[in-house]
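Here's the structure, in structure tokens; my notes come after.
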Amino acid sequence: MATEQQIATVTTPSEREIRVERVFDAPRDLVFATMTDPELIPQWWGQHGTTTAVEVMEPRAGGLWRFHSQDCDGNEVSFRGVYREVTAPERIVETFEWEGMPGYVCLETGILEDLGERTRLVSVTTFFTTEERDGMLQSGMERGMNETFERFDALLAARR
């Protein structure tokens, strides 16, 4: 279970943004490599009890990504996007779209700050409208994100 220190801080700095900050107990190069390796995504992406398959993942500017997830009840969802910028090991900018609501695309900018043996991730997601942002917040995204980060922590620890 996550300790208070390991839970992401979620804020809304503007009417159309969600900002997430989280520190990982691993060097920045390892965090970046784990985030961008399609072979590793199924080991950490999604909530507890979720299985994820990578259809395509091309972590480079203009590259596509598409993941399919299944929860423990058998419900399937798919997500996709386009990488706009990938600057190893410090920055990833990509679009994010849940295929259950096509056309609602947001922009995610992730910055990895080197803290020596630790890494701070600051992610800002920009939505087209305040209603879209609020819908994401009300969807349970914070709980799901923290569970995903717990799985990510476990994988990072195993890879150290």
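The values are calculated or read from the model by the stated rules, or taken from the named source; none is laboratory data. In this text, all values refer to a predicted model and were calculated from it rather than measured experimentally. Every residue, glycine among them, receives a Cβ derived from its backbone with ideal geometry; neighbour counts consider all protein chains shown.
Looking only at region 34-45, residues that are surrounded by 16 or more Cβ atoms within 10 Å (Cβ to Cβ), part of a loop (DSSP other than H, G, I, E, B) and of a type outside the set (S, T, N, Q) come to 2 in all. Being hydrophobic (A, V, I, L, M, F, W, C) and outside any strand (DSSP E or B) is a property that does not hold for Leu112. Just so you know, in region 72-90 the residues that are in contact with a His (Cβ under 9 Å, 6 or more places away or on another chain) and assigned to a strand (DSSP E or B) include one that is surrounded by the fewest Cβ atoms within 10 Å (Cβ to Cβ), and it is Glu76.
Within region 12-40, the residues that satisfy the criterion of being among the acidic types (Asp, Glu) and farther than 28 Å from Thr129 by Cα are Asp25, Asp29, Asp37, Glu39.
If the condition is being of a type in the set (D, E, K, R), touching a residue at least 12 places away in the same chain (Cβ under 8 Å) and under 28 Å from His68 (Cβ atoms), then region 20-38 contributes only Arg22. When Gly63, Gly46, Gly74 are checked against the criterion of being more than 15 Å from Thr125 (Cα to Cα), touching a Phe, Trp or Tyr at 6+ places or on another chain (Cβ under 6 Å) and of a type in the set (Gly, Ala, Ser), a single residue qualifies: Gly63.
Screening the candidates Glu131, Glu85, Glu147, Glu108 for the property of being under 20 Å from Thr50 (Cβ atoms) and free of Cβ contacts under 8 Å to residues at least 40 places away in the same chain yields one hit, Glu108. I want to confirm something. Restricting to region 138-155 and keeping residues that are more than 14 Å from the chain's Cα centre (by Cα) and at pLDDT 95 or above, which single residue is farthest from Ala61 (Cα to Cα)? This residue is Ala154. For Val31, the criteria (1) outside any strand (DSSP E or B); (2) touching a Gly at 6+ places or on another chain (Cβ under 6 Å); (3) surrounded by 13 or more Cβ atoms within 10 Å (Cβ to Cβ) hold in every case but one, which is (2).
Is it fair to say Val93 is part of a strand (DSSP E or B), surrounded by 15 or more Cβ atoms within 10 Å (Cβ to Cβ), of a type in the set (Val, Ile, Thr) and at negative phi? Yes, satisfied.
Of all residues being surrounded by fewer than 17 Cβ atoms within 10 Å (Cβ to Cβ) and among the hydrophobic types (A, V, I, L, M, F, W, C) in region 130-154, which is nearest to Gln6 (Cα to Cα)? Just the residue, please. Across region 130-154, the extreme among qualifying residues is Ala154. Restricting region 46-71 to residues that are within 15 Å of Glu150 (Cα to Cα) and touching a residue at least 24 places away in the same chain (Cβ under 8 Å), the residue that is surrounded by the most Cβ atoms within 10 Å (Cβ to Cβ) is Gly46.
For the structure I just gave you, tell me whether Gly103 is in a loop (DSSP other than H, G, I, E, B) and out of contact with any Phe, Trp or Tyr (no Cβ under 6 Å at 6 or more places or on another chain). Yes.
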